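Just below is one structure, and these are the notes that go with it.
The values are calculated or read from the model by the stated rules, or taken from the named source; none is laboratory data. Every value quoted in this text rests on a predicted model; they were computed, and no experiment measured them. All Cβ positions, glycine included, derive from the backbone under ideal geometry; neighbour counts span all protein chains shown. Surface accessibility is based on the protein's heavy atoms, side chains included, excluding ligands, DNA and RNA. Shrake-Rupley method; radii C 1.70, N 1.55, O 1.52, S 1.80 Å.
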Amino acid sequence: MIGIYPGSFDPLTNGHLDVIERGAKIFDELVVSILRNSEKTSLFTVDERLDMLRECTAPWPNVKVDSFDGLLVDYARERGARAVLRGIRAVSDYEYELQMAWMNRKLDSALETVFMIPSESYSYLSSRLVREIASLGGNLTGLVPASVDLRLRTRLGVAPLAPK
Ligand code: PNS
């Protein structure tokens, strides 16, 4: 059973990795895929985000990394995926996720959406807040992988945090 975990991953957080780890236990193959034609302006290029994903998902041999254009349902069909995986942190995510799941079902009734709940320690974590905290020099320890932290500080020109 192949599952697709789609998203922006700008940047990858420990919350995403928590969902990836859970998904890798459920699916035979989990394809983590970055949307290429997003309307959002991104901090990292797709290639940079692919690199970060590759580095951080190396421990799971059944996790593949990719990017896609166009409709998710078309991409899922091309990859032979039966399900889309999404993480839900809080009730506030639910409405948006439900709308997407219903629309994807309308577009392809054979494709299921599977929701997983990340650890509660990541329930307040988002890529948007990570970008903001990084740009303001805040401490992201435990929220993003160390390699992502370093890339954020390099990209934003913020000095690494001195050890306490
Ligand atoms: O991490 P994000 O930005 O919340 O991910 C959103 C994503 C990539 C899952 C969604 O925008 C998507 O699937 N886009 C592909 C285009 C598409 O199929 N749109 C209709 C979805 S209902």
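For the condition under 25 Å from Leu111 (Cα atoms) and within 15 Å of the ligand (Cβ to nearest atom), what is the one hit in Glu78, Glu29? Even if it seems obvious, please write down each step before you answer.
Numbers: Glu29 fails: within 15 Å of the ligand (Cβ to nearest atom).
That would be Glu78, the only listed residue that is under 25 Å from Leu111 (Cα atoms) and within 15 Å of the ligand (Cβ to nearest atom).
Exactly one of (1) more than 22 Å from Ser121 (Cβ to Cβ); (2) open to solvent by 80 Å² or more (accessible area, probe 1.4 Å) is unmet by Ile34. Its number? Of (1) more than 22 Å from Ser121 (Cβ to Cβ); (2) open to solvent by 80 Å² or more (accessible area, probe 1.4 Å), only one is false for Ile34: (2). Picking from residues in segment 114-154 that are of a type in the set (A, V, I, L, M, F, W, C) and in a helix (DSSP H, G or I), the one that is surrounded by the fewest Cβ atoms within 10 Å (Cβ to Cβ) is Ala146. Considering segment 45-68, the residues that are surrounded by fewer than 23 Cβ atoms within 10 Å (Cβ to Cβ) and within 13 Å of the ligand (Cβ to nearest atom) include one that is farthest from Val144 (Cα to Cα), namely Phe68.
For segment 84-106, the tally of residues that are within 8 Å of the ligand (Cβ to nearest atom) and under 19 Å from Glu120 (Cα atoms) stands at 1. One residue stands out among those in segment 83-97 that are of a type in the set (A, V, I, L, M) and modelled with pLDDT of 95 or more: the one that is most open to solvent (accessible area, probe 1.4 Å), which is Ile88.
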